[in-house]
Amino acid sequence: MASRRAQPLLRRLSAQLTPTRSVTYMPRPGDGAPRTVTLIPGDGIGPLVTGAVEQVMDAMHAPVIFEKFDCHGDMKVVPPQVMESIKRNKVCLKGGLMTPMGGGVSSLNLQLRKELDLYASLVNCFNLPGLPTRHDNVDIVVIRENTEGEYAGLEHEVVPGVVESLKVITKFCSERIAKYAFEYAYLNNRRMVTAVHKANIMKLADGLFLESCREVASKYPGIKYNEIIVDNCCMQLVSKPEQFDVMVTPNLYGNLVANTAAGIAGGTGVMPGGNVGADHAIFEQGASAGNVGKTELVEQKKANPVALLLSSAMMLRHLQFPSFADRLETAVESVILEGKYRTKDLGGSSTTQEVVDAVIAKLD
Amino acid sequence: MASRIVKRVLQNRAGNIFSAGGAFPSIQRSFSSSSDLITATLFPGDGIGPEIAESVKQVFRIAEVPIQWEEHFVGTEVDPRTQSFLTWESLESVRRNKIGLKGPMATPIGKGHRSLNLTLRKELNLYANVRPCYSLPGYKTRYDDVDLVTIRENTEGEYSGLEHQVVRGVVESIKIITRQASLRVAEYAFHYAKAHGRERVSAIHKANIMQKTDGLFLKCCREVAEKYPEIKYEEVVIDNCCMMLVKNPALFDVLVMPNLYGDIISDLCAGLIGGLGLTPSCNIGEGGVALAEAVHGSAPDIAGKNKANPTALLLSSVSMLRHLELHDKADRIQNAILDTIAEGKYRTADLGGSSSTSDFTKAICDHL
């Protein structure tokens with residue numbers, strides 16, 4: 001199967017968009033039995049875009065059954081039946097969950113990640129053929145540590161007017177995220193892994209992260225490894241993004257770098273991604289900015305479903321249904337290439353439903 | 001008991017900040033009339049520093065800016081009074097003049113002394129770093145319509161340097177946000193916005209996750225915003241901010257942020273307009289001290305070869321002039337620089353041309 005990197009290039013060269021599989025995939029008997037996947041529509045534009053995925057899956061007759069659950073960002077904890085369902089099905093597709101400001105409610109997104117130990121968050125930022133952006137040749141995968149770092153949630157007020165927040169970095173978590181990043185690069189034919197850090201200032205914390213990355217790098221001699229300071233990294237992303245391949249980062253920097261990379265490649269409305277742990281995986285819009293959307297988007301039903309559609313293609317591959325994944329991806333990319341049906345963030349004015357109908361029409 | 005003492009200290013500090021009635025002490029100085037000469041401290045720095053400092057001096061001379069320079073150099077031995085290579089006299093000079101310009105300084109590697117930038121920051125209590133980022137007409141980058149100012153809190157936050165190893169393999173780093181520092185930088189941000197005719201101030205935060213720390217920062221910004229009803233105030237989560245900056249930088253005007261986010265966002269904005277070689281920067285300290293600086297490195301490989309680009313230091317000196325309220329001189333010099341770059345005939349190597357530092361400086365002087 002052609003490598004992920006070559007696919008956009010091939011598609012640009014050939015006028016037709018056909019799946020580039022030369023040798024067929026041989027399943028085991030019984031692999032076609034439908035898999036149950038937990039579906040959390042979420043808040044804001046979440047129900048719109050997850051509805052889009054349901055429609056497309058239906059049209060493809062994909063062997064996926066969705067178990068829908070109602071979950072909103074202002075709930076105090078994730079409902080136990082949702083947790084149980086995800087633990088049973090092992091795969092979940094989710095729309096954005098709003099995290100309320102202040103108020104002492106901890107983010108449901110974080111709760112899900114901590115409870116299921118989804119320690120790696122992955123966002124694939126790449127140029128979509130036909131979508132004009134300021135930067136070309138972008139094909140970056142940002143792998144972000146998801147459980148500790150600055151988001152440990154350990155804050156307290158020392159005296160009135162002075163607040164402390166603890167950032168925790170452990171060797172265990174840094175090592176496993178580094179291992180995941182290199183393993184991902186190895187399995188996906190990626191050439192280079194870049195560690196993003198601020199170890200010149202936070203010598204012990206980010207120093208520990210870097211040490212773990214270096215140790216793991218030595219076990220993969222075929223993959224190049226380098227390190228970059230986070231402020232320089234952001235500067236390079238906006239001027240020369242083609243130099244980056246796979247990036248591994250701690251929690252907070254990962255958030256910023258992923259959103260920046262998604263922004264330069266076309267916006268967070270089109271970048272797929274997900275969170276994965278040893279046993280479970282949750283697929284959602286890659287970068288977190290705008291995954292709940294503004295109220296006008298919800299009212300006018302103009303949210304961009306592309307990110308979640310591409311994430312569901314990732315999910316289909318994860319479930320070992322590569323042919324359905326290829327068909328879905330091809331259909332979405334040809335709709336973007338054509339340019340007739342694009343939502344507002346891509347420069348058009350279509351509604352979500354129009355884009356979905358266009359994708360279904362392009363499914364072969 | 002401890003909290004009462006802290007409260008009293010905070011109130012005293014707050015009194016000092018607001019006693020000048022919102023105007024910053026720089027205006028009250030006795031030499032604010034343009035006919036008097038203002039003494040300013042100049043740190044040429046290392047590497048290309050002396051050459052570009054010479055450019056600045058030349059441009060100021062031709063433009064007849066009423067500034068006389070007091071030059072100080074980084075010493076070769078550690079001064080025990082400051083525990084760094086910067087001497088006590090240099091720091092006293094800045095404290096006395098209240099205005100300074102600093103070239104790039106390379107901190108020598110080794111132990112037993114503090115980094116030069118850290119020394120300056122701590123000793124002069126430089127609490128806000130201001131970087132105006134605007135697209136230079138004539139120097140094309142992928143972004144043409146950038147016109148924003150990033151104001152970053154410079155003393156606390158994630159860079160407090162308080163880290164320790166709890167047990168083997170577990171490290172904690174402490175991020176501190178105080179009401180006093182947040183109020184100070186918010187006050188400066190709104191004052192700057194008002195003084196420079198800016199319409200909007202956006203506070204950048206991650207208060208949905210770091211509720212108490214960034215929440216406190218936001219509360220302070222809101223308090224200050226109420227005192228400036230003519231300036232629009234909004235709050236943007238940092239991941240949204242990053243995305244919006246790379247998609248459409250025209251959405252932002254003045255950004256005020258805590259330390260870490262400020263570091264990243266200000267470098268991102270510098271990247272949008274062409275890199276650190278073109279970005280001016282100014283550090284504001286307590287008591288109206290302003291130290292403008294060039295944030296790029298000292299480039300030892302091109303030092304002494306007359307190839308360096310003095311734009312960053314020149315634009316920083318322009319922001320220094322604006323701080324001194326010498327707006328007409330500042331405008332003249334800024335326009336001369338922008339015209340020279342826009343014209344395209346004289347450009348240094350990093351902008352794609354082949355002029356030398358002295359040619360470029362001369363072209364600017366001709367444009368004055």
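The values are calculated or read from the model by the stated rules, or taken from the named source; none is laboratory data. Quick caveat: nothing in here was measured; it's all calculated off a predicted structure. Positions of Cβ are backbone-derived with ideal geometry, glycine not excepted, and every protein chain shown enters the neighbour counts. Areas reflect the complete protein model, heavy atoms only, side chains present, ligands, DNA and RNA absent. Shrake-Rupley method; radii C 1.70, N 1.55, O 1.52, S 1.80 Å.
The set of residues in segment B:196-209 being in contact (Cβ under 8 Å) with a residue 40 or more places away in the chain, closer than 20 Å to residue A:98 by Cβ and either more than 11 Å from chain A (Cβ to nearest Cβ) or in a loop (DSSP other than H, G, I, E, B) (or both) consists of B:203, B:206. For residue A:119, indicate whether it is more than 30 Å from residue B:141 (Cα to Cα) and within 8 Å of chain B (Cβ to nearest Cβ). No, not satisfied.
Residues considered: A:175, A:157. Of these, the only one that is out of contact with any Leu (no Cβ under 6 Å at 6 or more places or on another chain), at the interface with another protein chain (Cβ under 7 Å from one of its Cβ atoms) and either surrounded by fewer than 16 Cβ atoms within 10 Å (Cβ to Cβ) or outside any strand (DSSP E or B) (or both) is A:157. Can you name every residue in segment B:334-361 that is without any contact (Cβ under 8 Å) to a residue 24 or more places away in the chain, out of contact with any helix residue (DSSP H, G or I) (no Cβ under 8 Å at 6 or more places or on another chain) and either under 12 Å from residue B:55 (Cβ atoms) or assigned to a helix (DSSP H, G or I) (or both)? Matches in segment B:334-361: B:359 only.
Inside segment A:291-318, can you point out the residues that are over 17 Å from the mean Cα position of the chain (by Cα) and charged (D, E, K, R)? Selection gives A:294, A:296, A:299, A:301, A:302.
Residues are listed down the side, and each one gets a yes or a no for (1) among the aliphatic types (A, V, I, L, M); (2) under 19 Å from the mean Cα position of the chain (by Cα); (3) modelled with pLDDT of 95 or more:
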{"residue": "A:49", "(1), (2), (3)": "yes, yes, no"}
{"residue": "A:70", "(1), (2), (3)": "no, no, no"}
{"residue": "A:74", "(1), (2), (3)": "no, no, no"}
{"residue": "A:91", "(1), (2), (3)": "yes, yes, yes"}
{"residue": "A:100", "(1), (2), (3)": "no, no, no"}
{"residue": "A:104", "(1), (2), (3)": "no, no, no"}
{"residue": "A:111", "(1), (2), (3)": "no, yes, no"}
{"residue": "A:127", "(1), (2), (3)": "no, yes, no"}
{"residue": "A:133", "(1), (2), (3)": "no, no, no"}
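Residues that are more than 18 Å from residue A:251 (Cα to Cα) and either part of a loop (DSSP other than H, G, I, E, B) or at the interface with chain B (Cβ under 8 Å from one of its Cβ atoms) (or both) within segment A:184-204 comprise A:188, A:189, A:190, A:191, listed in sequence order. Just to verify a result, which residue in segment A:205-234, among those that are farther than 16 Å from residue A:245 by Cα and acidic (Asp, Glu), is farthest from the other protein chains (Cβ to nearest Cβ)? The selected residue is A:215.
Filtered by the rule that a residue be at the interface with another protein chain (Cβ under 9 Å from one of its Cβ atoms), outside any helix (DSSP H, G or I) and open to solvent by less than 30 Å² (accessible area, probe 1.4 Å), segment B:210-263 gives B:210, B:237.
Selection of segment A:270-287 for residues being within 11 Å of another protein chain (Cβ to nearest Cβ) and either modelled with pLDDT of 90 or more or surrounded by fewer than 24 Cβ atoms within 10 Å (Cβ to Cβ) (or both) yields only A:271. Summed over segment B:318-333, the residues that are within 18 Å of residue B:362 (Cβ to Cβ) and open to solvent by 30 Å² or more (accessible area, probe 1.4 Å) give a count of 1. Which fully enclosed strands (runs of 3 or more DSSP E) of segment B:110-186 have 1 or more residues being small (Gly, Ala, Ser) and touching a residue at least 40 places away in the same chain (Cβ under 8 Å)? Once the strands (runs of 3 or more DSSP E) in segment B:110-186 are filtered for at least 1 residues that are small (Gly, Ala, Ser) and touching a residue at least 40 places away in the same chain (Cβ under 8 Å), what remains is B:126-134. Do we have residue B:193 as more than 9 Å from every other protein chain (Cβ to nearest Cβ), part of a helix (DSSP H, G or I) and either small (Gly, Ala, Ser) or buried (at least 24 other Cβ atoms within 10 Å of the Cβ) (or both) here? Yes: the conditions hold for residue B:193. Among the residues of this structure, residue B:282 does not count as one that is at the interface with chain A (Cβ under 10 Å from one of its Cβ atoms) and buried (at least 22 other Cβ atoms within 10 Å of the Cβ). All told, residue B:58 meets the bar of being in contact with a helix residue (DSSP H, G or I) (Cβ under 9 Å, 6 or more places away or on another chain) and either in contact (Cβ under 8 Å) with a residue 60 or more places away in the chain or not in a helix (DSSP H, G or I) (or both).
For the residues B:303, B:312, B:308, the requirement of being at pLDDT 90 or above and either open to solvent by less than 40 Å² (accessible area, probe 1.4 Å) or in contact with a helix residue (DSSP H, G or I) (Cβ under 8 Å, 6 or more places away or on another chain) (or both) singles out B:312.
Here residue A:109 meets each of (1) in a helix (DSSP H, G or I); (2) open to solvent by 40 Å² or more (accessible area, probe 1.4 Å) with one exception, condition (2).
For segment B:151-186, filtered to residues that are more than 20 Å from residue B:118 (Cα to Cα) and open to solvent by less than 10 Å² (accessible area, probe 1.4 Å), the residue that is nearest to the other protein chains (Cβ to nearest Cβ) is B:171. Look at residue B:277 and say whether it is out of contact with any Cys (no Cβ under 9 Å at 6 or more places or on another chain) and part of a helix (DSSP H, G or I). For residue B:277, the condition - out of contact with any Cys (no Cβ under 9 Å at 6 or more places or on another chain) and part of a helix (DSSP H, G or I) - is met.
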